[in-house]
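The values are calculated or read from the model by the stated rules, or taken from the named source; none is laboratory data. Since the model is a prediction, treat every value here as computed from it, not as a measurement. Every residue, glycine among them, receives a Cβ derived from its backbone with ideal geometry; neighbour counts consider all protein chains shown. What goes into the accessible areas is simple: the full protein's heavy atoms, side chains included, and nothing from ligands, DNA or RNA. Shrake-Rupley method; radii C 1.70, N 1.55, O 1.52, S 1.80 Å.
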Amino acid sequence: MISDEALVEKTLNHGSQHFGTLVKRYADYLFAYGLRLTGGNQGFAEDIAQQSFIRAYKYLGSYQRQYISVNARAEDRFRNWLTGIATNCFKDLVKTEARYQPLDSCPEPAKDPRHESSRDFYDLIKPLSSEERTLFVLRYIYDYQITEIAAFTQLNAGTVKSKISRALSKLRDKNYAQS
Amino acid sequence: MRNLESILNAEKSQQHQLDNPDLLAFSVLTEIARLESKARLRTRLIAGLALALAASAIIIQLITLSAVNIDLVGMVHGLARHINDNPFLITSINLGLATIILITRKQSLF
């Protein structure tokens with residue numbers, strides 16, 4: 001299988017047709033990430049995936065210049081870079097689009113029976129703000145390190161740590177209250 | 001209610017898949033092509049305006065030079081005399097404008 005770096009190189013040198021392979025390779029990953037951030041809203045998750053890929057294409061040159069030197073496993077580099085872009089896309093969409101309201105203040109998001117098995121998780125993260133949800137998902141679902149999350153969200157590591165711990169205690173309190 | 005850890009573990013092992021990744025790839029590539037063609041059009045528009053400006057400048061110079069023997073009033077006469085008195089200056093300006101036009105054509109910007 002052709003590596004991500006080679007596909008990036010080909011895209012930069014020979015045009016956007018090679019980018020399609022990268023899109024197909026990471027489509028499910030970004031869609032799942034979007035679903036978890038939006039609490040199971042398929043339409044919003046697809047928007048996040050699409051916008052993230054478009055933004056990734058725009059900044060592909062900077063990936064080659066900067067991210068190549070980041071100390072991460074080669075096979076994770078592009079995925080991590082995309083995760084950072086998707087995180088910022090979600091943040092921007094929350095700011096600009098009225099339909100991305102906090103989960104607990106908007107009506108039930110569009111439900112898809114195929115994602116019903118995650119319903120417990122979506123209910124769990126409902127009380128979290130969009131920022132807390134992002135940090136929580138990155139830390140506890142994708143197991144990213146605090147320093148990596150800090151880089152994705154452009155916050156400092158201390159702030160990330162305290163926000164995650166606040167989110168966690170909010171969820172534990174809610175969980176104990178309900179059980 | 002299941003406890004927090006078991007919910008997180010269940011979600012971690014959950015696979016979420018798009019119905020049609022090909023459709024997403026198609027829509028992303030189409031949008032990229034649209035944005036690129038928009039950017040190309042904008043560049044061509046700017047180049048076109050610069051070209052039109054350069055061409056207008058040359059035409060105005062020619063008109064002004066041909067009017068040097070006619071007793072025109074005020075600014076036109078002064079400008080014509082100034083251009084006539086500085087042939088090297090006007091030649092270099094013309095050379096610059098012609099170079100802009102040639103580069104624009106060579107780069108297929110317009």
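Just to be sure I understand, how many residues within the stretch A:19-41 are more than 10 Å from every other protein chain (Cβ to nearest Cβ) and either among the basic types (K, R) or touching a helix residue (DSSP H, G or I) at 6+ places or on another chain (Cβ under 6 Å) (or both)? Steps first, answer last, please.
Just the residues of the stretch A:19-41 that are more than 10 Å from every other protein chain (Cβ to nearest Cβ), to begin with: A:37-39, A:41.
Okay, now just the ones that are also either among the basic types (K, R) or touching a helix residue (DSSP H, G or I) at 6+ places or on another chain (Cβ under 6 Å) (or both), so A:37-39.
Summing the residues that are more than 10 Å from every other protein chain (Cβ to nearest Cβ) and either among the basic types (K, R) or touching a helix residue (DSSP H, G or I) at 6+ places or on another chain (Cβ under 6 Å) (or both) in the stretch A:19-41 gives 3.
Is it true that A:L128 is in a loop (DSSP other than H, G, I, E, B) and more than 14 Å from chain B (Cβ to nearest Cβ)? Break it down into steps so the answer makes sense when it comes.
Values: in a loop (DSSP other than H, G, I, E, B): yes; more than 14 Å from chain B (Cβ to nearest Cβ): no.
Considered against the rule, which asks whether it is in a loop (DSSP other than H, G, I, E, B) and more than 14 Å from chain B (Cβ to nearest Cβ), A:L128 comes out as no.
Residue-wise test of (1) within 14 Å of chain B (Cβ to nearest Cβ); (2) open to solvent by less than 40 Å² (accessible area, probe 1.4 Å).
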site	(1), (2)
A:E132	no, yes
A:Y144	yes, yes
A:A150	no, yes
A:L155	no, no
A:T159	no, no
A:L168	yes, yes
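Listed residues A:L37, A:L7, A:L30; which is buried (at least 23 other Cβ atoms within 10 Å of the Cβ) and under 16 Å from A:W81 (Cα atoms)?
A:L30
Residues that are within 18 Å of A:L60 (Cβ to Cβ), assigned to a loop (DSSP other than H, G, I, E, B) and more than 9 Å from chain B (Cβ to nearest Cβ): does the stretch A:3-13 have at least one?
Keep residues of the stretch A:3-13 that are within 18 Å of A:L60 (Cβ to Cβ), which gives A:3-13.
This time we only want the ones that are assigned to a loop (DSSP other than H, G, I, E, B), so: A:3.
Imposing the further condition that a residue be more than 9 Å from chain B (Cβ to nearest Cβ) reduces the set to A:3.
The answer is yes; a qualifying residue exists.
Quick one: how many residues across the stretch B:7-49 are touching a residue at least 24 places away in the same chain (Cβ under 8 Å) and out of contact with any Ser or Thr (no Cβ under 7 Å at 6 or more places or on another chain)?
Here is the first cut: in the stretch B:7-49, the ones touching a residue at least 24 places away in the same chain (Cβ under 8 Å) are B:43-44, B:47-48.
Imposing the further condition that a residue be out of contact with any Ser or Thr (no Cβ under 7 Å at 6 or more places or on another chain) reduces the set to B:43-44, B:48.
Residues in the stretch B:7-49 being touching a residue at least 24 places away in the same chain (Cβ under 8 Å) and out of contact with any Ser or Thr (no Cβ under 7 Å at 6 or more places or on another chain): 3 in total.
Where in the stretch B:1-95 are the helices (runs of 4 or more DSSP H), entirely inside, with at least 2 residues that are surrounded by fewer than 12 Cβ atoms within 10 Å (Cβ to Cβ) and away from chain A (no Cβ under 14 Å)?
Values: elements: B:4-12, B:21-66, B:74-85.
Ranges flagged: B:21-66, B:74-85.
Condition (residue is at pLDDT 85 or above, open to solvent by less than 70 Å² (accessible area, probe 1.4 Å), facing another protein chain (nearest Cβ under 9 Å) and assigned to a helix (DSSP H, G or I)) applied to the stretch A:74-95: is it met by at least one residue?
No, because not a single residue in the stretch A:74-95 is at pLDDT 85 or above, open to solvent by less than 70 Å² (accessible area, probe 1.4 Å), facing another protein chain (nearest Cβ under 9 Å) and assigned to a helix (DSSP H, G or I).
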